[in-house]
Amino acid sequence: NSETFWTTTGTFPQEFIIGFPKRVTINKVAIQCYLVRTLRIERSISKDPVGFEECIEKDLEHTEGQLQMEEFPLPDFQATYLRFIIKSAFDHFVSVHRVMAEGT
């Protein structure tokens with residue numbers, strides 16, 4: 001539901017972790033957010049959310065008054081946890097409305 005969202009507390013970096021019940025293969029990750037400037041996605045294949053390694057880091061385009069929609073193709077990419085780090089923003093607060101991971 002894009003009407004609900006997670007918002008930052010105003011300082012950066014900010015992060016959140018998404019866990020899967022077991023190791024999965026991901027082909028694509030997509031995020032719907034607002035006012036995010038720099039986003040890094042990391043993965044862990046451990047049983048616990050430790051030992052993260054960087055997968056991708058990207059500067060997002062500023063879209064005033066509209067949600068940002070970004071897709072990250074990650075062919076045959078395995079993960080048990082994904083950590084999303086918002087390194088910087090276009091404002092003091094940002095919001096994340098949806099995160100989608102496609103794969104098996």
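For Cα pairs less than 8 Å apart in space and 6+ apart in sequence, what is the mean separation divided by the residue count of region 1-86, i.e. the relative contact order in percent?
Values: 162 pairs, mean separation 38.1, N = 86.
Relative contact order for region 1-86 comes out at 44 percent.
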What trypsin sites (Lys or Arg not before Pro) does region 1-93 have in DSSP loop regions with at most 16 other beta carbons within 10 Å? 47
What is the Cα coordinate range of region 1-55 on the first, second and third principal axes, sorted by size from largest, in whole angstrom? 30, 25, 17
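Eigenvalues of the Cα gyration tensor times 5, then square-rooted: what semi-axes does that give for region 13-103, in whole angstrom, largest first?
So the three semi-axes of region 13-103 are 23, 14, 10 Å.
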With the chain treated as a Gaussian network of Cα nodes joined by springs under 10 Å, which of 14, 66, 78 yields the largest mean-square fluctuation? 66
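Within region 1-82, which GluC sites (Glu not before Pro) sit in a loop by DSSP and count at most 14 neighbouring Cβ atoms inside 10 Å?
Numbers: sites: 3, 15, 42, 53, 54, 57, 61, 64, 70, 71; in loops: 3, 61, 64.
Qualifying residues, ordered by number: 3, 61, 64.
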Carbon and sulfur atoms: what percent of the 1.4 Å accessible area of the chain do they account for? 49 percent
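Provide 55, 33 ordered by accessible surface of protein heavy atoms (probe 1.4 Å), highest first. All intermediate terms of the calculation are to be shown ahead of the outcome.
Values: 55 40, 33 0 Å².
From most accessible down to least: 55, 33.
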What's the lysine pair count for region 13-103 at a Cα cut-off below 25 Å, pairs eight or more apart or interchain? 5
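Nearest 20 debye, what's the magnitude of the dipole of region 13-103 about its Cα centre given +1 on Lys and Arg Cβ and -1 on Asp and Glu Cβ?
Working: 11 positive and 14 negative charges, 76 e Å.
Magnitude of the dipole: close to 360 debye.
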Can you compute log10 of I(q)/I(0) for region 50-104 with the Debye formula, treating each Cα as one identical point scatterer, at q = 0.16, 0.18, 0.19, 0.27 Å⁻¹? -0.63, -0.78, -0.86, -1.48
Please work out the average accessible area per residue across region 13-103, using the 1.4 Å probe convention, and give it in Å². 56 Å²
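The values are calculated or read from the model by the stated rules, or taken from the named source; none is laboratory data. This is a predicted model, so every value here is computed, not measured. Neighbour counts are summed over all protein chains in view; Cβ atoms, including those assigned to glycine, are modelled from backbone coordinates with ideal geometry. Calculation scope for accessible area: heavy atoms of the full protein, side chains included, ligands and nucleic acids excluded. Shrake-Rupley method; radii C 1.70, N 1.55, O 1.52, S 1.80 Å.
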